[in-house]
Amino acid sequence: MTDLWWKSAVVYQIYPRSFADADGDGMGDLRGVIDHLDHLAKLGVDVLWLSPIYKSPQDDNGYDISDYQQIDPLFGDLDTFDELLAGAHARGMKLIMDLVVNHSSDEHPWFLESRSSRDNPKRDWYWWRPAREGLEPGTPGAEPTNWGSAFGGPAWEYDEKTGEYYLHLFSPKQPDLNWENPEVRQAVYAMMRWWLDRGVDGFRMDVINMISKVLPLTDGRLTAGAAYGDGSASYINGPRNHEFLREMHDQVFAGRPGMLTVGEMPGVTVAEAVKFTDQDRHEVDMVFQFDHVWADRGGDPWTLVPLQLTTLKGIFGRWQAGLGQIGWNSLYWNNHDQPRAVSRYGDDSPEHRATAAKMLGTVLHLHRGTPYIYQGEELGMTNYPFRTIADFRDIEALGQYHQAVEQEGRAPEDVLTVLRARGRDNARTPMQWDGSPHAGFTSGTPWLAVNPNYPEINAEAERADPDSVFHHYRKLIRLRHDEPAVVDGDFTMLLPHDERLYAFTRRLGHTELLVVGNFTGETVRAEIEDAIAWEEAELLLTNVAAPPGLTLAPWQAVVYRRSI
């Protein structure tokens, strides 16, 4: 067994381009992160996760990498990175990198060679296929399979020079690497070892359950009205995924205690996650799954579905039970791909925003798993009031809008309504540091507009207010560090059919915790067994000044502890 320090840790995700700009070019940078390390240390987090800072054309904000061993000049250089790493370590924080190896940039030297000719030695480092039999290469429908990409359009791009198509599950500038080729894997492992030798403490692995494809590549399911087929059955949790991750562990992490490996895995099942995170199998330490952030999605991606709390509880409960004995989960509401949780699952009105943000944090952090805080979450930052498609910068939003409006004939305002609520740019608006122009993010023009509510919601104001969201998150982090039942306790869901209250217990040895969160703007009584005895127990944490007890004020959360 490796050192499982990460079970009691809290991870903070930094999206560097939106965190802090030190040089005034409107883009966040590594110097900006260095300047705010004390904010993170005061918050109390244990691990910093940096979204990609590698050299990149920035087609997908750095998730398209053209050189894995260089820092993009937008963010700084390797000397500045080393300074950041040393500064984090000096404050007792570890640092993990974002590993993006399902695909590279089409400007990476590997792909430039692969694309140069059909007989280049690196040709099969990527997925090249001829046109569909009997159809003219480069014409609509001639793609090798009918798969659609995550960013809209087909998942295949025609290359006129060599007369074949290459696979890109995301942007055409993000060609998929062919992990079936052992040379590809060895090149990736060598790069990973290079970063670990530099002092990095591990990796968050982007869409790492897509690296193994089902051979031969075949058409996906095509639903009515869809422009392209769903090929996910051919690349989600493919047949060699476990093998590849075990090989990676053996060749990269073996003999390096204290590392952290996080596998982002869209579409992963609980059963597969148990295998991926079983410490005896030596694959990854924890998974990043998406079920709970898809709880408010219906069958039509362009229809907003109100959250049913029972659905959310069912998802969390299934994951808590499934990984209760073996395996480990990541706990998160927000990241760079998700809208702001207080706007999505809470109430971002001025009256309730801070209370709702604290409640959501309390419920999440008291589950079993490792909590993640996304930049600005500790302030209760909200979604941005987008007006038109011109306000968006995200390649996914722009691509999906184009496909939905121009190819599928959907009404532009209907598509915009969904993008305003669900678009990734909600998470990417600049960090709100203070009440000065552009929220103190930059002295220049920010690459993406700052949320206009920054005079009321900013780090400077929240650090000065002992009743702020920031200080509530500090209490949550201390509780995870100090109370073993939060880390290792059994989980029991209460009130599974209640659409207003989220309640559960955590039990370890002679200690039992009760957690209740009110997901409504109304006062609600928690009708649980032994309620009166619980009300006489020790109140560890609450987010409102209302009298303690199990009659909860709007958006209130309570955590009780008792000996049993």
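Below are the figures for this structure:
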quantity: Leading residue by the ranking (farthest from Ile208 (Cα to Cα)) among those in the stretch 244-280 that are assigned to a loop (DSSP other than H, G, I, E, B) and hydrophobic (A, V, I, L, M, F, W, C); calculated: Ala254
quantity: Scope the stretch 197-222; condition assigned to a helix (DSSP H, G or I) and among the charged types (D, E, K, R); matching residues; calculated: Asp197, Arg198
quantity: Phe81 being aromatic (Phe, Trp, Tyr), under 23 Å from the mean Cα position of the chain (by Cα), farther than 18 Å from Trp447 by Cβ and at pLDDT 95 or above; calculated: yes
quantity: Options Leu323, Leu309, Leu331: the member that is buried (at least 18 other Cβ atoms within 10 Å of the Cβ) and either of a type in the set (Ser, Thr, Tyr) or in contact with a Leu (Cβ under 6 Å, 6 or more places away or on another chain) (or both); calculated: Leu331
quantity: Selection within the stretch 441-455 - free of Cβ contacts under 8 Å to residues at least 60 places away in the same chain and not hydrophobic (A, V, I, L, M, F, W, C); calculated: Tyr454, Pro455
quantity: Check on Gly549, modelled with pLDDT under 95, surrounded by fewer than 20 Cβ atoms within 10 Å (Cβ to Cβ) and either on the phi < 0 side of the Ramachandran plot or in a loop (DSSP other than H, G, I, E, B) (or both); calculated: yes
quantity: Only listed residue being assigned to a helix (DSSP H, G or I) and either among the acidic types (Asp, Glu) or without any contact (Cβ under 8 Å) to a residue 60 or more places away in the chain (or both), chosen from Leu112, Leu135; calculated: Leu112
quantity: Pick from the stretch 427-439, criterion in contact (Cβ under 8 Å) with a residue 60 or more places away in the chain and in a helix (DSSP H, G or I), ranking: nearest to the chain's Cα centre (by Cα); calculated: Ala427
quantity: From the options Pro371, Pro452, residue that is over 30 Å from Val516 (Cα atoms) and not in a helix (DSSP H, G or I); calculated: Pro452
quantity: Answer from Gly32, Gly92, Gly24, Gly76 - the residue that is part of a helix (DSSP H, G or I) and at pLDDT 95 or above; calculated: Gly32
quantity: Unmet requirement for Ala90, which otherwise passes all of (1) buried (at least 16 other Cβ atoms within 10 Å of the Cβ); (2) free of Cβ contacts under 8 Å to residues at least 24 places away in the same chain; (3) closer than 28 Å to Leu48 by Cβ; calculated: (1)
quantity: Residue match in the stretch 175-188 (condition: in a helix (DSSP H, G or I), touching a strand residue (DSSP E or B) at 6+ places or on another chain (Cβ under 6 Å) and among the β-branched types (Val, Ile, Thr)); calculated: yes
quantity: Cβ-Cβ under 9 Å pairs, at least 6 apart or on other chains, the stretch 388-414 side closer than 20 Å to Asp64 by Cβ, far side of a type in the set (Ser, Thr, Tyr); calculated: Phe392/Tyr401; Ile395/Ser171; Glu396/Ser171; Gly399/Ser149; Gly399/Ser171; Gln403/Tyr228
quantity: Residue in the stretch 67-83 that is within 30 Å of Gly163 (Cα to Cα) and either touching an Asp or Glu at 6+ places or on another chain (Cβ under 8 Å) or in contact (Cβ under 8 Å) with a residue 12 or more places away in the chain (or both) present; calculated: yes
quantity: Restricting the stretch 148-166 to residues that are over 24 Å from the mean Cα position of the chain (by Cα) and surrounded by 21 or more Cβ atoms within 10 Å (Cβ to Cβ), the residue that is nearest to Asp337 (Cα to Cα); calculated: Pro154
quantity: Test result for Thr145, in contact (Cβ under 8 Å) with a residue 40 or more places away in the chain and touching a Lys or Arg at 6+ places or on another chain (Cβ under 7 Å); calculated: no
quantity: Unique match (being among the aliphatic types (A, V, I, L, M) and closer than 26 Å to Ala397 by Cβ) among Leu78, Leu112, Leu85, Leu74; calculated: Leu74
quantity: Single residue of Glu512, Glu462 found to be in the same structural domain as Arg353 (by TED's automatic domain parsing) and surrounded by 15 or more Cβ atoms within 10 Å (Cβ to Cβ); calculated: Glu462
quantity: Filter result for the condition that a residue is more than 20 Å from Trp127 (Cα to Cα) and without any contact (Cβ under 8 Å) to a residue 24 or more places away in the chain, over Gly299, Gly267, Gly202; calculated: Gly299
quantity: Tally, over the stretch 411-442, of residues that are out of contact with any helix residue (DSSP H, G or I) (no Cβ under 8 Å at 6 or more places or on another chain), modelled with pLDDT of 95 or more and surrounded by fewer than 21 Cβ atoms within 10 Å (Cβ to Cβ); calculated: 3
quantity: Selection within the stretch 522-557 - in contact with a helix residue (DSSP H, G or I) (Cβ under 8 Å, 6 or more places away or on another chain), β-branched (Val, Ile, Thr) and under 20 Å from Leu476 (Cα atoms); calculated: Val544
quantity: The stretch 223-243 - residue that is in a loop (DSSP other than H, G, I, E, B) and touching a residue at least 40 places away in the same chain (Cβ under 8 Å) and, of those, surrounded by the fewest Cβ atoms within 10 Å (Cβ to Cβ); calculated: Gly225
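For (1) in contact with a Leu (Cβ under 8 Å, 6 or more places away or on another chain); (2) under 28 Å from Val469 (Cβ atoms); (3) crowded, with 16+ Cβ neighbours inside 10 Å, each residue gets a yes or a no:
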| site | (1), (2), (3) |
| --- | --- |
| Asp23 | no, no, no |
| Gly28 | no, yes, yes |
| Val45 | no, yes, yes |
| Asp59 | no, no, yes |
| Asn102 | yes, no, yes |
| Phe111 | no, no, yes |
| Asp119 | no, no, no |
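The values are calculated or read from the model by the stated rules, or taken from the named source; none is laboratory data. This one's a predicted model, so the numbers in the text were calculated from it and none came from an experiment. Cβ sites come from the backbone with ideal geometry, for glycine too, and all protein chains shown count toward neighbours.
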